[in-house]
Amino acid sequence: MKTQVLGISVDSKHCLKAWAESLGGITYPLLSDFWPHGQVAQKYGVLRPDGRSERAIFIIDKSGVICYVDVHNIDEQPDNNVLFRELAAIEGVPVPEERIPEAVAAGVVPQSAPAGQTTSGAAEPAVVMYCTDWCPACRRARAYFKINDVPFEEVNITRDRAAAARVRAWTGGYETTPTFDVRGTIVVNFDVDRLNELLGIQG
């Protein structure tokens, strides 16, 4: 699929560069809407009165027509299956939801950036962490596990859509990250007190 992903923010280019480096690099261009401040966000109707922009996704076809708009909470991860279906429909290649993981592998729909760390340590993991590359709380959780010497397995729900479906089932339909499976007990969000309790860590 001939799709170009662009990220645009009202932050300065130096801020965007630092953010991208904090994630270990990203695979798509970042554009700064810093000056004139928020001019692009304003044209798209997503500039807030305080100068920040909403978190929004726009899909624009080759003729420049906006075909899809999603404005959502900053803490919510959009359902990529919806985006894949919209992109496939624009190209005239409908992809049933249950076939999306296969379509990604086959290159019919765009594949997300590679996941980061898969496991921590060689010991049997006590925790499975469902995460994304961009999630700040996921980065804090990785540091928490490292400091406390807790083996964990990391599953990126952006790449693993079956894992994303499990997260949605646990969270009432949201792709909330991080979500943890601690020996069969599900913990939604980086709840340190609950993790300490389940893992026997003194707070």
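The values are calculated or read from the model by the stated rules, or taken from the named source; none is laboratory data. For clarity, every value in this text was computed on a predicted model and none was experimentally measured. For neighbour counting, all protein chains shown are included, and Cβ atoms are generated from backbone atoms with ideal geometry for every residue, glycine included.
Residue by residue through region 43-86, note down the ones that are of a type in the set (Asp, Glu) and at pLDDT 85 or above. Break it down stepwise before answering.
Filtering region 43-86 for residues of a type in the set (Asp, Glu) gives 50, 54, 61, 70, 75-76, 79, 86.
Once the filter is applied, which keeps residues that are of a type in the set (Asp, Glu) and at pLDDT 85 or above, region 43-86 yields 50, 54, 61, 70.
Residues in region 142-196 that are in contact with a Pro (Cβ under 9 Å, 6 or more places away or on another chain) and among the polar types (S, T, N, Q): 156, 189. When residue 67 is tested against (1) in contact with a helix residue (DSSP H, G or I) (Cβ under 9 Å, 6 or more places away or on another chain); (2) hydrophobic (A, V, I, L, M, F, W, C); (3) under 23 Å from residue 132 (Cα atoms), only condition (3) is not met.
State whether the residues of region 25-40 include one that is under 16 Å from the mean Cα position of the chain (by Cα), surrounded by 15 or more Cβ atoms within 10 Å (Cβ to Cβ), within 21 Å of residue 132 (Cβ to Cβ) and not basic (Lys, Arg). Yes, there is a match, as at least one residue in region 25-40 is under 16 Å from the mean Cα position of the chain (by Cα), surrounded by 15 or more Cβ atoms within 10 Å (Cβ to Cβ), within 21 Å of residue 132 (Cβ to Cβ) and not basic (Lys, Arg). Where helices (runs of 4 or more DSSP H) fall wholly inside region 131-203, the ranges with 1 or more residues that are closer than 19 Å to residue 82 by Cα and within 13 Å of the chain's Cα centre (by Cα) are 161-171.
Wholly within region 13-92, which helices (runs of 4 or more DSSP H) include no fewer than the required count, namely at least 3 residues that are outside the structural domain of residue 132 (by TED's automatic domain parsing), over 27 Å from residue 167 (Cβ atoms) and not hydroxyl-bearing (Ser, Thr, Tyr)?
On the way: elements: 13-22, 39-43, 80-90.
The helices (runs of 4 or more DSSP H) meeting that bar are 13-22, 39-43.
The set of residues in region 167-188 being closer than 18 Å to residue 126 by Cβ and not aromatic (Phe, Trp, Tyr) consists of 178, 179, 181, 182, 183, 184, 185, 186, 187, 188.
State whether the residues of region 95-102 include one that is in a loop (DSSP other than H, G, I, E, B) and either modelled with pLDDT of 90 or more or in the same structural domain as residue 73 (by TED's automatic domain parsing) (or both).
Initially, region 95-102 is screened for residues in a loop (DSSP other than H, G, I, E, B), giving 95-96.
Add one more test, that the residue is either modelled with pLDDT of 90 or more or in the same structural domain as residue 73 (by TED's automatic domain parsing) (or both), and what stays is 95-96.
Looking for residues that are in a loop (DSSP other than H, G, I, E, B) and either modelled with pLDDT of 90 or more or in the same structural domain as residue 73 (by TED's automatic domain parsing) (or both), one finds at least one in region 95-102, hence yes.
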